[in-house]
Each structure stands twice: as C-alpha cells, then as structure tokens.
Amino acid sequence: MCADLNLVLSIIFQLAFIAAGLYGCGRDPENRSFMSRDYTLFLKAFCCFSVILAHTGAGERYCLAGCLHWVAVTLFFLFSGYGLSYGAMYREGYLKSFHRRLVKAAFPLLLVLALKLAFSCAPWSGGMNYMLVAILFYLVFFVVRSLFSGDSLVAGNFLFAGRSQAPASGLDRADLILIAFTIAYSLFTQQFHDARMAQPGFGAGLSYIPALFGWGCQSLGFAYGIILAKCLGRFKAFLSRWRNAAVILAGSIILLPALAYAYLRMRDVYYVSWSEYALRAGMTACLLLAAAVLSQGMSFGNPFVRLAGEISSEMFLLHGFVLEMLERHTGMLWDGAGLRGVWPGLFVILSYLLTFAAGLLLHRLLKSLYRLIGW
C-alpha cells in the first residue's frame with residue numbers, strides 16, 4: 001500500500017510538471033521554432049528533469065520520463081556544438097569574446113566542486129564531469145576555429161539532398177576537424193573508460209584524468225550539433241517531405257523497442273561494453289530523429305519552461321549534491337534493489353524541488369556577478 005501511494009504521488013507530480021512544460025505549445029506552419037531558443041530551452045528543461053529523476057535511483061518504477069536520460073547528455077553536447085557553430089557563423093567578433101563563455105562554464109563548476117568538498121560529498125556525483133568535458137570541447141573548438149576556417153568543403157546538400165531550394169551551408173575545414181576530434185574522443189573514451197581506469201590509487205578523489213574520459217557515446221552529440229548548425233535549412237526541408245518523415249518514424253517504432261530491450265538486458269552502470277556503446281548510439285539516433293520529426297511545425301515555450309531551461313546547467317551541476325544531502329539527512333532513497341526509507345516517492349519530489357530552488361539561487365547569483373563586471 002505504501003509503495004502504491006509513493007508511485008501515485010510521484011506520477012502525479014511528474015504529470016503536473018509535464019503539463020506545465022507543454023502549456024503554450026502551438027502550431028508553427030513556417031517551422032521557425034525548430035532549434036530556436038525556446039525550443040532548446042524546452043528540451044533542456046525536460047532532459048535535466050529526466051536526469052534528476054533517473055539519478056534518484058527510482059529507475060523505471062517511479063520515473064515516467066526515465067528513459068530520456070539515455071539521450072539527455074547527448075542533447076546537451078548537441079546544443080553546445082550547435083550553439084558554438086551558430087555563434088561563430090552569425091555573431092561578429094564571437095571568438096574574440098570567447099573567454100567569457102569559458103569563464104561562464106568553468107566558474108559554476110568550480111563553485112559547486114568547492115561546495116561539495118566543503119560538505120565531504122563525492123566531487124563528480126550526478127555526472128558533473130560532463131561540464132569538465134564540455135569545457136575541453138569549448139577549448140578545442142576555439143583553437144580549431146581560430147586556426148582553420150575557410151570555404152565550405154562539403155556542401156549541405158551532400159548530406160540532405162532534395163529538390164528543396166533551402167539555403168545550403170556547408171562544412172568547412174574547421175568543422176571537419178572538430179567532427180573528427182569528436183569521433184576520436186568518443187572512441188578513445190570508450191576504449192579507456194574511466195571505470196576501467198578506476199584501480200586502487202588511480203582516479204581517486206578529485207582526479208581530473210578519469211573525469212575527462214566520460215560520456216564517450218554521448219559526446220558524439222557535439223558533432224551532430226555542428227552538422228545541424230551548418231545544414232539546418234536542408235535538414236528541415238528533408239524532414240518536411242512526408243515520405244522521409246514516415247520512414248524515420250516507422251524505423252524508430254520498430255528499432256527503438258528492440259534496441260532498448262537489448263540495452264536493458266546487458267546494461268552495466270560501471271562498465272560500458274562496445275555492445276552497449278553501439279546500442280546506445282543507435283537508440284540515441286532513433287530518438288533524436290523521431291523527436292525532430294514530431295516537433296516539426298510546433299512551437300514551444302512559456303515562462304516556466306524558459307526559466308527551467310535557463311537554469312538547467314546550474315541544476316545539472318547541483319543535483320548530485322542535493323541528492324547526497326537528502327540521502328544523508330532523511331534516509332529516503334529507492335536504491336533499485338529495495339526500499340530504504342518510507343517515502344521514496346517524496347524523495348523524488350523533494351529532489352527536483354530542492355534542485356530547482358538551488359539552481360535558481362546559483363543562477364541569480366551568477367547573473368548578478370556577471371552584471372557587476374559588465375558581462
């Protein structure tokens with residue numbers, strides 16, 4: 001009875017969140033919303049929410065959107081690659097002020113690390129090393145873009161051929177180098193996964209070496225973002241043809257259950273095999289393509305979604321700390337093997353609400369600081 005009550009309590013909260021997120025959705029006949037700021041904030045909010053729920057340990061039993069965390073970090077990388085490439089294309093002097101982007105990524109990371117160390121928490125809990133890897137990609141992007149830029153080497157219609165007259169951008173020399181780096185990093189990380197390197201005395205504590213070699217499969221999203229930024233018009237035109245959309249949806253409906261079942265059968269949180277790598281890459285591609293098709297011609301956004309999306313980075317950084325504090329002081333946790341504590345449903349709700357409050361506080365503090373120094 002208690003477990004049923006927890007399940008109902010958690011589901012009601014999650015449905016309320018989903019309803020609040022979808023409020024204000026409408027038709028966008030010209031399809032201008034796809035990859036717009038509101039669109040990306042919408043997805044960031046839902047991905048961050050999914051990651052927090054998954055990391056409570058509740059798993060599929062209490063998390064309606066738990067499966068989204070399989071692709072959430074890939075989307076974060078995708079938005080990074082897209083945002084950096086878009087900024088370099090359309091914002092004059094973007095690289096000259098690139099140090100601000102690096103500082104805005106590194107400073108919150110250092111603050112949260114200091115907070116965790118002050119309370120004797122695991123430094124990289126909650127997947128916080130994602131931001132460390134993202135900073136590495138930012139640095140590589142800056143160096144490559146500064147040294148190698150030029151005319152398009154691969155035309156946009158090479159990737160998305162069709163009769164549409166959508167404007168064709170292309171991948172230049174820097175893009176190809178960045179894509180090659182992303183693939184190489186992904187394969188290298190898979191080969192030397194941080195869990196395999198976590199031997200006695202190696203990678204303990206605050207070591208940055210194993211932390212830099214995480215998110216092997218998910219980091220491919222950075223390359224997806226670069227390609228999407230340069231070929232957005234062609235991609236939208238490709239998806240606008242109903243035959244292409246129908247094939248993608250049909251393929252996703254057929255492939256996703258099979259891939260997900262195989263993944264769940266062999267998944268190991270601490271050791272990612274090459275089979276898991278391939279399955280996750282396949283699931284991610286199917287989900288991203290299906291989501292792109294279903295969101296065509298739709299507009300998203302309301303004040304709640306915008307706020308949750310804007311603070312998603314701070315929430316992602318802080319949720320590991322919040323979860324550890326909750327577990328330490330309340331004893332409420334579903335650990336996947338059995339109930340520990342009386343209210344795991346309440347644990348899920350408190351995890352998100354407290355993470356949201358902490359993320360909002362950190363976001364406002366950072367905005368005040370940046371405003372003070374003229375940024």
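Overview of values
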item: Residue check, Gly156 closer than 23 Å to Thr74 by Cα and at pLDDT 55 or above; result: no
item: Pairs, first closer than 21 Å to Ala223 by Cβ and modelled with pLDDT of 80 or more in the stretch 185-200, second surrounded by 14 or more Cβ atoms within 10 Å (Cβ to Cβ) and not charged (D, E, K, R), C-beta under 6 Å, six or more apart; result: Tyr185/Ser219; Ser186/Gly216; Ser186/Ser219; Ser186/Leu220; Thr189/Phe213; Thr189/Gly216; Gln190/Gly216; Gln190/Tyr277
item: Options Ala20, Ala72, Ala3: the member that is among the small types (Gly, Ala, Ser), at pLDDT 75 or above and surrounded by fewer than 16 Cβ atoms within 10 Å (Cβ to Cβ); result: Ala20
item: Leading residue by the ranking (modelled with the lowest pLDDT) among those in the stretch 85-122 that are under 17 Å from Ala358 (Cα atoms) and either of a type in the set (Val, Ile, Thr) or open to solvent by less than 40 Å² (accessible area, probe 1.4 Å) (or both); result: Cys121
item: Selection within the stretch 277-290 - touching a residue at least 12 places away in the same chain (Cβ under 8 Å) and within 24 Å of Arg243 (Cβ to Cβ); result: Gly282, Met283, Thr284, Cys286, Leu287, Leu288, Leu289, Ala290
item: Every residue from the stretch 204-233 that is modelled with pLDDT under 90, in a helix (DSSP H, G or I) and touching a Phe, Trp or Tyr at 6+ places or on another chain (Cβ under 7 Å); result: Ala211
item: Test: residue in the stretch 318-331 that is within 17 Å of the chain's Cα centre (by Cα), within 19 Å of Ala16 (Cα to Cα) and at pLDDT 90 or above; result: no
item: Hits in the stretch 298-313 (condition: assigned to a helix (DSSP H, G or I) and open to solvent by 20 Å² or more (accessible area, probe 1.4 Å)); result: Pro303, Phe304, Arg306, Leu307, Glu310, Ser313
item: Which listed residue, of Ala281, Ala285, is farther than 25 Å from Gly21 by Cα and at pLDDT 85 or above; result: Ala281
item: Test: residue in the stretch 38-51 that is in contact with a His (Cβ under 6 Å, 6 or more places away or on another chain), part of a helix (DSSP H, G or I) and at pLDDT 85 or above; result: yes
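Yes or no, residue by residue, for (1) open to solvent by less than 30 Å² (accessible area, probe 1.4 Å); (2) aliphatic (A, V, I, L, M); (3) not in a helix (DSSP H, G or I):
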{"position": "Tyr261", "(1), (2), (3)": "no, no, no"}
{"position": "Leu264", "(1), (2), (3)": "no, yes, no"}
{"position": "Val272", "(1), (2), (3)": "yes, yes, yes"}
{"position": "Glu276", "(1), (2), (3)": "yes, no, no"}
{"position": "Arg280", "(1), (2), (3)": "no, no, no"}
{"position": "Ala285", "(1), (2), (3)": "no, yes, no"}
{"position": "Leu288", "(1), (2), (3)": "no, yes, no"}
{"position": "Val293", "(1), (2), (3)": "yes, yes, no"}
{"position": "Gln296", "(1), (2), (3)": "no, no, yes"}
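For every residue, the table says whether it meets (1) touching a helix residue (DSSP H, G or I) at 6+ places or on another chain (Cβ under 8 Å); (2) among the polar types (S, T, N, Q); (3) at pLDDT below 95; (4) crowded, with 19+ Cβ neighbours inside 10 Å.
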{"position": "Leu339", "(1), (2), (3), (4)": "yes, no, yes, no"}
{"position": "Val348", "(1), (2), (3), (4)": "yes, no, yes, yes"}
{"position": "Leu353", "(1), (2), (3), (4)": "no, no, yes, no"}
{"position": "Leu362", "(1), (2), (3), (4)": "yes, no, no, yes"}
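The values are calculated or read from the model by the stated rules, or taken from the named source; none is laboratory data. Note that the coordinates shown come from a computational prediction; the quantities given were computed from them, not determined experimentally. Cβ atoms come from the backbone with ideal geometry, glycine included; neighbour counts cover every protein chain shown. Ligands, DNA and RNA are stripped out before the accessible areas are found, and what is left, the full protein with its side chains, is counted by its heavy atoms. Shrake-Rupley method; radii C 1.70, N 1.55, O 1.52, S 1.80 Å.
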